[in-house]
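Single-structure report; data block below.
The values are calculated or read from the model by the stated rules, or taken from the named source; none is laboratory data. All of these numbers come straight from a predicted model, not from anything done at the bench. Glycine also receives a Cβ, built like all others from the backbone with ideal geometry; neighbour counts cover every protein chain displayed.
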Amino acid sequence: MSGLSRLDGSFEPAQRNGKNGSAFLSMEEPVLEAVHMRKVFPLRKLRFWGQERSVKAVEDTSLVLYPGRAIALVGESGSGKTTVARLLARLYSVSGGEIRFRGRQVSGRSARALRSYRRHVQLIFQDPFSSLNPVHTIRYHLRRPLRLHGHAHTSEEETAQITSLLERVNLTPAEQFMDKFPHQLSGGQRQRVAIARALAARPDVLLADEPVSMLDVSIRLDVLNLLSRLKEEDHLALLYITHDIASARYFADDTLVMYAGQMVEGGPSEEVTQQPKHPYTQLLLQAAPDPDRLGSGQRVLGGAETARGEPPSLISPPSGCRFHPRCPFAMPVCKERFPPRTDLGSGHWTHCFLYEANADSSPSTSPVPMQMKER
Amino acid sequence: MVTQKTEKLLEVKHISVDYAMASGTLHAVNDVSFTLARGQIFGLAGESGSGKSTLAYAIARLLRPPAVVTQGEVIYYPRPRLDQPSDDEGTLPFDVMDLTPEELRPFRWRKLAIVFQSAMNSLNPVLSIGAQIEDVLKAHYPEMPTGARRDRAVELLRLVGIASDRLRSYPHELSGGMRQRSIIAIALALNPDVIIMDEPTTALDVVVQREILHKVMALRQEFGFSVIFITHDLSLLLEIADTIAIMYAGRLVETAPAEQLYRQPRHPYTDGLLHSFPTLHGPRRSMTGIPGSPPDLRAVPSGCAFHPRCSFAFGACQTVVPALGTPSADAPEQRVACHLYDASLNPAGIPEQLRSPGVMEEADSSLSVPKGEPR
C-alpha cells in the first residue's frame, strides 16, 4: 500500500489571472482546467460543392478540477459530456480554447508529450466489457502502465505493485485475480481492474466516463464508494460523468449540467439539485425517477408536462441558447445569443436570461419561474 | 373504461424455464407464480441474469430451444369484448401453454402484445411506420378495408403523440423516443388486454423516458390494459407500478404493492436494492449497495441463492430453499421468500433493520462519503 501513496510534490507556481472557475471552492491550486474549450467534428460533405458540415459537439466549455474534489458533469446522451472527457484526456484535440494542467497550457501531440500528460491524467471508460483486452491477463493490463510510466523496473517490483493496486480496489486475494482473464470476472470486478489500471499511472486527475452505468444496480454504489475513497486517499481530482443526476448529488462536491454541448448550470451539488435554476436542470430533475413521488397522489401523471421535444441535432443546432425550442420560458433574446454566465452566489451559476439582471428584453420584473416551488 | 383491479386477467402458476447447455441444464426461471389483475401495472425487477425477460417470454410463448418451459401454466381469463365480435373462443379461462400454434396466433397481439427493449431492432428499417402498423391489422383482420386500416394507423399514432404526417417516415428518420412510441402504437393496434414491456425506456434519456411513461399511463387509463413492466430500475418501478415482484437468480424473492415494498421491504435483497440508488431528496448519506455480485446461473448457490451476499444469513439459508410466504398479517399482499420470517427456522427473530417500517426515512447514519459541502 505504501508503495503507492503519492507524495504531493510542490506545485509549480501557476500564473492565472481572472477567475475561470469557482475559486471559492478550494484553497488549493487547480490541477486541470478547461478554458473556453470547443470541439467541432467535421463531417463529409453531402455533395462536392455542398456546404461544409460539422457536429458542434462542445461549445465554450470551462471547468476547473481541484485536487481532492469530485466534479460531476451531468447531461443526456448527445450533450457532449463524453466529448469533454475525451478532450481532457487528449484523445481528441480541441478546436478552440485551451486546456491547462497546473496552470500551463498543454500543447504538443507527440507521443512523448501525450505520455507525460497521461501520466497525470487518466480516463476510465464506461464499458468494462470492451475496455479490457480479452486475450490478456489482469497482470498484463496492470503491468503495462507501470512499465510505461517507469514506476516498476523489475518483476518483483511489478508483482508487489500489482498486488497493492488490486488490494486498493478491493480485489482480494490479489494473487487469485492477477492471472485471470477479463471474461472470468464479473462486470463490477472488471471495472475495478480498469480503475486499478488508471491508478497504476499514479495520476493526479481521474476522468471517469459513466463508470457505473453498465454495472448491475446493486454493485454501482460499491464502485462509486471505491472511487470516492481513492479520491480521498490519493487527493485525486475527479471528473465524474453521468446521466444520473441523483448519483451526481451523492458522489460529487460540485455538479455541472450540460445540454447540447453548452454548459447551462453549475455549482455545489446540493445547490444544483435542490435549487435548480436553469429550466433544463429543472426538467432533468423532474424527469428523474423519484420513489418519493409514490403515494403522493401525483405519481407519474403529475407535473412534468413541460417535458416536450427532444435534444436537437448538433449539426445544425438552434441558435442562441440551444435549449430555447424546448424551454417553456423562452424569450426572443434566447434565440439571438447564448446567455452570459450569471452568478447566483455561493458558487452557483447559470447561463440563462431569466436570471440576468439586465436582460435586453425581460418581459417582466420577476421572470423567474416558480415552477419548482414545491421542491 | 373503468378498471377493476381485482378482476383476474392472467395467472402464472409455477413456471420454470431451463436452458439446455452443452455443460448441463441452466435453470433460468424457477417455479414462479403470480397473478396479474385487469388494468394493473405489474413491475418485474431484477438484475441482469435474474430471469425476468425469460419469464416474460415464457408467458408469451416466445421461447425457442435451447430454452424450454419445463413446468407450469399461464391461465388467461378472457372477457367478452364488443370490439372483437369475431372472437369465438368464448369466455372460459384457458392455459396459454396448451395453445396450438393456430390458437396462439389470435391470442398474441389481440390479447397479449410485447414492446421490446430495442426499438431500432424491432422496427423494420425498410418499411415506413404506417406500413408496419397496417401490416399488423392486415395480418389479424384481413377483411378490414384499406381505408379503415389507414385511419386506424393515423389514430394509433395520434394516441402515442406522433403527428399523422409521420406515417410515411422510415424508422431511421425518427428519434429514439418516437421510435419507441411507434412500437407502443403497434402494440396497441389490436387493443390487447395485456402488454409486456421489456425495458421499454432503458435506452432513452430520462426526459424522453418520462414522456413515454406518461403516455403509457394515460393510455392505460383510457383503454384499461394491464402491463407487465420489466426493468432493472427499481426507482422507476416504484413510481409507476401497482405491484412489484423482485426476482433474484430465477426466483421471485418478494412481491408486494409498490408502496408497501418501498415503505417496508422484507427481503434483505429488496432492502439492499432500495439502498442501492441515491435519492434526490432528503439527507445525503453514505450508502453501501449490496456486497458481492449477482450469481452465475451456471453455479447458483445452494439454499437461498442470495445467502452469500446476505448479511442476515444463518444456517438454514445455505441448505433450504425458501418459499414465498406472508410475513405479516398486517400486509396480506406482501409475500417474501426468506427464512428470517420462518419462526421455526429462525428463532432469533426478525432483524431490527427489516422490522422497522420506513427504512428509507431513517436518518441515523450520518454522511461520511462524500464529504459535506463547504459553505
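What to note about this one:
- Selection status of A:Ser54, at pLDDT below 90 and surrounded by fewer than 17 Cβ atoms within 10 Å (Cβ to Cβ): yes
- Number of positions in region B:165-201 that are closer than 16 Å to B:Asp135 by Cα and in a loop (DSSP other than H, G, I, E, B): 5
- Tabulated pairs, region A:170-199, first over 18 Å from A:Leu227 (Cβ atoms), second of a type in the set (Val, Ile, Thr) and part of a helix (DSSP H, G or I), C-beta under 6 angstrom, 6+ apart or interchain: A:Ala174/A:Thr163; A:Phe177/A:Ile138; A:Met178/A:Ile138; A:Lys180/A:Ile138
- A search for C-beta distances below 9 Å between a residue of region B:301-312 that is closer than 14 Å to B:Asn30 by Cα and any residue that is among the hydroxyl-bearing types (Ser, Thr, Tyr) and assigned to a loop (DSSP other than H, G, I, E, B), counting only pairs 6+ apart in sequence or on different chains, returns B:Ser302/B:Thr319; B:Gly303/B:Thr319.
- Any hit, region B:284-297, residues being closer than 18 Å to B:Gln353 by Cβ, assigned to a loop (DSSP other than H, G, I, E, B) and more than 13 Å from every other protein chain (Cβ to nearest Cβ): no
- Evaluation of A:Pro182 against (1) touching a Lys or Arg at 6+ places or on another chain (Cβ under 7 Å); (2) more than 8 Å from chain B (Cβ to nearest Cβ); (3) closer than 30 Å to A:Gly320 by Cα; (4) not hydrophobic (A, V, I, L, M, F, W, C) (one fails), failing number: (3)
- Hey, A:Asp290 surrounded by fewer than 24 Cβ atoms within 10 Å (Cβ to Cβ) and within 7 Å of chain B (Cβ to nearest Cβ) or not: yes
- Residues of region A:103-157 satisfying the condition of being part of a loop (DSSP other than H, G, I, E, B), over 25 Å from A:Lys180 (Cβ atoms) and at pLDDT 90 or above: A:Arg119, A:His120
- Answer from B:Leu167, B:Leu188 - the residue that is away from every other protein chain (no Cβ under 14 Å) and farther than 29 Å from B:Pro78 by Cα: B:Leu167
- Residues satisfying the stated conditions in region B:132-164, i.e. outside any helix (DSSP H, G or I), more than 14 Å from chain A (Cβ to nearest Cβ) and surrounded by fewer than 16 Cβ atoms within 10 Å (Cβ to Cβ): B:Pro142, B:Glu143, B:Met144, B:Pro145
- Verdict on A:Glu356 being at pLDDT below 80 and surrounded by fewer than 18 Cβ atoms within 10 Å (Cβ to Cβ): yes
- In the set B:Leu252, B:Leu236, B:Leu204, only one residue is facing another protein chain (nearest Cβ under 9 Å) and not in a helix (DSSP H, G or I); that residue is B:Leu204.
- Counted as qualifying within region B:5-71 are the strands (runs of 3 or more DSSP E) with 1 or more residues that are basic (Lys, Arg) and farther than 30 Å from A:Val212 by Cβ, namely B:8-21.
- When region A:246-282 is filtered for residues that are touching a helix residue (DSSP H, G or I) at 6+ places or on another chain (Cβ under 6 Å) and facing chain B (nearest Cβ under 8 Å), the ones remaining, listed by number, are A:Arg249, A:Phe251, A:Ala252, A:Ser269, A:Thr273.
- Considering the conditions (1) within 29 Å of A:Glu76 (Cα to Cα); (2) surrounded by fewer than 16 Cβ atoms within 10 Å (Cβ to Cβ); (3) within 14 Å of chain A (Cβ to nearest Cβ), B:Gln221 is excluded by exactly one of them, (1).
- Residue check, B:Ala153 touching a Lys or Arg at 6+ places or on another chain (Cβ under 9 Å), at pLDDT 90 or above and of a type in the set (A, V, I, L, M, F, W, C): no
- Region A:192-217 - residue that is within 11 Å of another protein chain (Cβ to nearest Cβ) and touching a helix residue (DSSP H, G or I) at 6+ places or on another chain (Cβ under 6 Å) and, of those, nearest to A:His149 (Cα to Cα): A:Val212
- Residue within region B:112-130 that is more than 24 Å from B:Val227 (Cβ to Cβ) and either without any contact (Cβ under 8 Å) to a residue 24 or more places away in the chain or of a type in the set (S, T, N, Q) (or both) present: yes
- Screening B:Gly272 against (1) in contact with a Ser or Thr (Cβ under 7 Å, 6 or more places away or on another chain); (2) surrounded by 23 or more Cβ atoms within 10 Å (Cβ to Cβ); (3) facing chain A (nearest Cβ under 7 Å) leaves a single unmet condition, (2).
- Flag for A:Lys81 being more than 22 Å from A:Leu238 (Cα to Cα), in contact with a strand residue (DSSP E or B) (Cβ under 9 Å, 6 or more places away or on another chain) and among the basic types (Lys, Arg): no
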